[in-house]
Amino acid sequence: GSANTLGIHAIRDSFEIDLSSGGINSDLQVRKQAFWKAHGLFAGIAWGLLSPLAISASVLRKLFKDGPLWFKIHRGLNMCVVLFTVAAFLLAVIAINLETPEGASPNHFSRESTSKHRLIGLVIFIIAFIQALLGIFRPHVPDAGEKKPLKRYLWELAHKGLGYICLGLAVFQVQSGIQIYQTIFAGSGEFLHIVFWTVFACMAGGVLLGLITIQIRTERGDVMPVPTKAAHFDDEEAS
């Protein structure tokens, strides 16, 4: 490159050199920066903003006076997360296909490709769809005073566990994606790390503040109870 720093070539392909004439026979492929920029934008918004907000709505449900409101926010944001994840996934696949030389394999999910970023992205994509299906086929909340069925308990364990695992993987994925983008496209996205972690830290601080508020209100006895099925919350129960 033009600088002394190490990096990935923005243009890549095999080529042939004619030693007799000194000519080069090649059709070099330029990295599709616009596709990767859009990929990072969709992924960053989905997992750096929408998913934490969706989880926050569930964690801080006791702050909502209108019981069904927190669930509507949680469900709506998670739907957006899935849609944005699909968009990011498709953009990455298209970009890789366009960058792959004719006749070569794109190796979309090779363990060796790009520090496992692609493989982890596939895992997140699959978990996001599983979460969406779990949300659609969730067991109903038991009536007031009724013992929670085993299938509801297992569902909550799977839904919450997969949600936190997926968010953790996604945070790592966004971080590594920013590093890869900055390496391939030198001079681009210098402040993306700062923006991402600033937004994430602000949301984490907001959740902590909300939990403290709930604790204070609980001690005072003025926290709104979360509606149950008996309170006409059958079709919009907690996730």
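For region 122-167, calculate the relative contact order in percent as a whole number, restricting contacts to Cα pairs under 8 Å that are 6 or more residues apart.
Worked out over region 122-167, it gives 47 percent.
Where q = 0.22, 0.23 Å⁻¹, what log10 of I(q)/I(0) comes from the Debye formula for region 41-172, counting one point per Cα?
-1.35, -1.43
Among 98, 80, 57, flag the residue with its Cα farthest along the positive direction of the charge dipole of region 40-137, charges on Cβ as +1 for Lys/Arg and -1 for Asp/Glu.
Among 98, 80, 57, the one farthest towards the positive end of the dipole of region 40-137 is 57.
Give the ranking of 152, 31, 75 by solvent-accessible surface, highest area first, calculated with a 1.4 Å probe.
75, 31, 152
By how many nm would the segment from residue 152 to residue 140 grow when fully extended, if each residue of separation counts as 0.36 nm and the alpha-carbon distance is taken off?
Additional length available on full extension: 3.6 nm.
Report the equivalent ellipsoid semi-axes for region 110-197 in whole Å, largest first, defined as the square roots of five times the eigenvalues of the gyration tensor built from alpha carbon atoms.
38, 14, 8
Can you give the FRET efficiency to the nearest 0.05 for residue 59 and residue 100, using r as the Cβ-Cβ distance and R₀ = 35 Å?
0.25
Which FRET efficiency, nearest 0.05, do residue 191 and residue 86 yield, Cβ-Cβ r, R0 30 Å?
FRET efficiency, residue 191 to residue 86: 0.65.
Hand me the tally of lysine pairs in region 71-189: alpha carbons under 29 angstrom apart, and the pair either on different chains or 8 or more positions apart.
Going through region 71-189 pair by pair, I get 8.
How much length, in nm to one decimal, is gained on full extension between residue 201 and residue 116, taken as 0.36 nm per residue of separation minus their Cα-Cα distance?
My answer for the length gained is 28.0 nm.
If packing is taken as the average count of other Cβ atoms within 10 Å, what order do 159-169, 46-56 fall into, highest mean first?
46-56, 159-169
Considering only the other residues whose Cβ falls under 14 Å of the Cβ of residue 54, what net charge follows from Lys and Arg at +1 and Asp and Glu at -1?
+4
The values are calculated or read from the model by the stated rules, or taken from the named source; none is laboratory data. Predicted model, so just to flag it, every value in this text is computed and none were measured. Don't worry about glycine lacking a Cβ; one is built from the backbone with ideal geometry, like all the others, and counts go over all protein chains shown. Just so you know, the surface numbers come from the protein's heavy atoms only, side chains and all, with ligands and any DNA or RNA stripped out. Shrake-Rupley method; radii C 1.70, N 1.55, O 1.52, S 1.80 Å.
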